[in-house]
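**Student:** One structure is given below, represented as structure tokens, and several questions about it will come after.
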Amino acid sequence: MFKTVFITGATSGIGKATAQLFAKNKYKIIICGRRIERLIELQKELSKFTEVHYLSFDIRNKVDVFNAVNSLPTNFKNIDILINNAGNAHGLGTIDKGNLDDWDAMIDGNVKGLLYVSRAILPQMVERKDGFIVNIGSIAGKEVYANGNVYCASKYAVNAINKAMRIDLNEHNIRVSAIHPGAVETEFSEVRFKGDKEKASNVYKGFKALEAKDIADIIYFVVTRPYHITIEDLVVYPTAQASATILKRE
């Protein structure tokens, strides 16, 4: 029986690359996101390899989250692997000048959204005494940097939630892992800079950044270890990056 993988934030970046890799390895895929056109396009692409179902909802809306999970057809209801990938960064500014809407978006998406999705799916894993959760964090959850304040706080929360999940779910035989990437060249910076493509592209100039497929490979490696092995916490940098703010650029 093929295992079923539930991936949030699957319309771009790490989520999309992860869906593509798992689909090619014959896992059944549930792809989630807000951009329905992208979900439909990705479903068509991945259906060449496996069974695919898409759910279009906003993880920040708890009612929508539970309704979406409850709407799954019978052949997708048993979720073996949950990849909490969806998240966002909005703006860069000192805390005294922070944009309150940006703060809400980051806390609601990175923290509450992850919790809502996990809460909707975990009971079935607990009942089966089987399951795997991968939480995608960030080096911002390991190190605070200038102007990162609320984004860093939200990713520190992901780090704490990951550890709490491992403790709470240990008795239920559920594996929990977190992966904390450094600089990955995706739409991340474009969102952070409110669509300013020039500013976003400058983030990755002068060095070889990680690619979405690099993180997808690592997620796949973590998930496919024998069941008695849990890789609890991984920090992944591009070679040119020594910390959140130290980069060797050419």
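The values are calculated or read from the model by the stated rules, or taken from the named source; none is laboratory data. Every value quoted in this text rests on a predicted model; they were computed, and no experiment measured them. Positions of Cβ are backbone-derived with ideal geometry, glycine not excepted, and every protein chain shown enters the neighbour counts.
**Student:** Against the conditions (1) under 18 Å from residue 121 (Cα atoms); (2) free of Cβ contacts under 8 Å to residues at least 12 places away in the same chain, where does residue 100 fall short? Just the number, please.
**Tutor:** (1)
**Student:** Can you tell me which residues in region 187-218 are under 18 Å from the mean Cα position of the chain (by Cα) and either in a strand (DSSP E or B) or at pLDDT below 85 (or both)?
**Tutor:** Listed by number, the residues that qualify are 187, 188, 189, 190, 191, 192, 210.
**Student:** May I ask you to list the residues in region 164-186 that are in a helix (DSSP H, G or I) and over 14 Å from residue 111 (Cβ atoms)?
**Tutor:** The initial filter retains those residues of region 164-186 that are in a helix (DSSP H, G or I), namely 164-172.
Within region 164-186, 166, 167, 168, 169, 170, 171, 172 qualify.
**Student:** Something else about it: Residue under question is residue 6, and the condition is that it be over 14 Å from the mean Cα position of the chain (by Cα) and of a type in the set (A, V, I, L, M, F, W, C); does it hold? First the steps, then the outcome.
**Tutor:** Numbers: over 14 Å from the mean Cα position of the chain (by Cα): no; of a type in the set (A, V, I, L, M, F, W, C): yes.
No.
**Student:** Which residue is nearest to residue 153 (Cα to Cα), if the candidates are limited to region 51-104 and must be of a type in the set (A, V, I, L, M, F, W, C) and surrounded by fewer than 19 Cβ atoms within 10 Å (Cβ to Cβ)? Before you say what the answer is, go through the steps one by one.
**Tutor:** Step one: filter region 51-104 for residues of a type in the set (A, V, I, L, M, F, W, C), giving 52, 55, 57, 59, 63, 65-66, 68-69, 72, 76, 79, 81-83, 86, 89, 92, 95, 100, 103.
Checking which are surrounded by fewer than 19 Cβ atoms within 10 Å (Cβ to Cβ) leaves us with 63, 66, 72, 76, 92, 95, 100, 103.
Working: 63: 25, 66: 26, 72: 33, 76: 34, 92: 13, 95: 12, 100: 14, 103: 10 Å.
By that ranking, first place goes to 103.
**Student:** Report whether or not residue 175 is farther than 18 Å from residue 210 by Cα and touching a Ser or Thr at 6+ places or on another chain (Cβ under 6 Å). Show your work before the answer.
**Tutor:** On the way: farther than 18 Å from residue 210 by Cα: yes; touching a Ser or Thr at 6+ places or on another chain (Cβ under 6 Å): yes.
Spelling it out, residue 175 is indeed farther than 18 Å from residue 210 by Cα and touching a Ser or Thr at 6+ places or on another chain (Cβ under 6 Å).
**Student:** Starting from region 105-134, keep only residues that are buried (at least 19 other Cβ atoms within 10 Å of the Cβ), then list their pairs with residues that are among the hydroxyl-bearing types (Ser, Thr, Tyr) and not in a loop (DSSP other than H, G, I, E, B) whose Cβ atoms are within a distance under 7 Å, requiring at least 6 positions of separation or different chains.
**Tutor:** Matching pairs, first to second residue: 106/151; 106/154; 110/154; 111/154; 133/118; 134/177.
**Student:** Still on this structure, please answer the following. When only residues in region 212-234 that are within 23 Å of residue 16 (Cα to Cα), out of contact with any Lys or Arg (no Cβ under 7 Å at 6 or more places or on another chain) and free of Cβ contacts under 8 Å to residues at least 60 places away in the same chain count, which is surrounded by the most Cβ atoms within 10 Å (Cβ to Cβ)?
**Tutor:** 218
**Student:** Got a number for residues in region 126-163 being assigned to a loop (DSSP other than H, G, I, E, B) and polar (S, T, N, Q)?
**Tutor:** Filtering region 126-163 down to residues assigned to a loop (DSSP other than H, G, I, E, B) leaves 129-131, 137-138, 142-148.
If we keep only those that are polar (S, T, N, Q) too, we end up with 138, 147.
Selection size over region 126-163: 2.
**Student:** I need a count of the residues in region 145-160 that are surrounded by fewer than 21 Cβ atoms within 10 Å (Cβ to Cβ), in contact (Cβ under 8 Å) with a residue 12 or more places away in the chain and closer than 16 Å to residue 133 by Cβ.
**Tutor:** The total comes to 2.
**Student:** Separate question: How about region 58-91: which of its residues are over 24 Å from residue 177 (Cα atoms) and not small (Gly, Ala, Ser)?
**Tutor:** The answer is 61, 63, 64, 67, 70, 72, 73, 74, 75, 90.
**Student:** Check region 92-103 and report whether any residue there is under 17 Å from the mean Cα position of the chain (by Cα) and either modelled with pLDDT of 95 or more or within 17 Å of residue 134 (Cβ to Cβ) (or both).
**Tutor:** Step one: filter region 92-103 for residues under 17 Å from the mean Cα position of the chain (by Cα), giving none.
No, every residue in region 92-103 fails to be under 17 Å from the mean Cα position of the chain (by Cα) and either modelled with pLDDT of 95 or more or within 17 Å of residue 134 (Cβ to Cβ) (or both).
**Student:** Under the condition of being buried (at least 21 other Cβ atoms within 10 Å of the Cβ) and touching an Asp or Glu at 6+ places or on another chain (Cβ under 8 Å), which residue from region 24-50 is farthest from residue 3 (Cα to Cα)?
**Tutor:** The selected residue is 29.
One line per residue, one yes/no per condition, for (1) among the aromatic types (Phe, Trp, Tyr); (2) more than 16 Å from the chain's Cα centre (by Cα); (3) within 26 Å of residue 110 (Cβ to Cβ); (4) modelled with pLDDT of 95 or more:
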residue	(1), (2), (3), (4)
53	no, yes, yes, yes
57	yes, no, yes, yes
71	no, yes, yes, yes
88	no, no, yes, no
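**Student:** Only residues that are touching a residue at least 40 places away in the same chain (Cβ under 8 Å) and of a type outside the set (A, V, I, L, M, F, W, C): list them for region 235-250, please.
**Tutor:** The answer is 237, 238, 241, 243, 245, 248, 249, 250.
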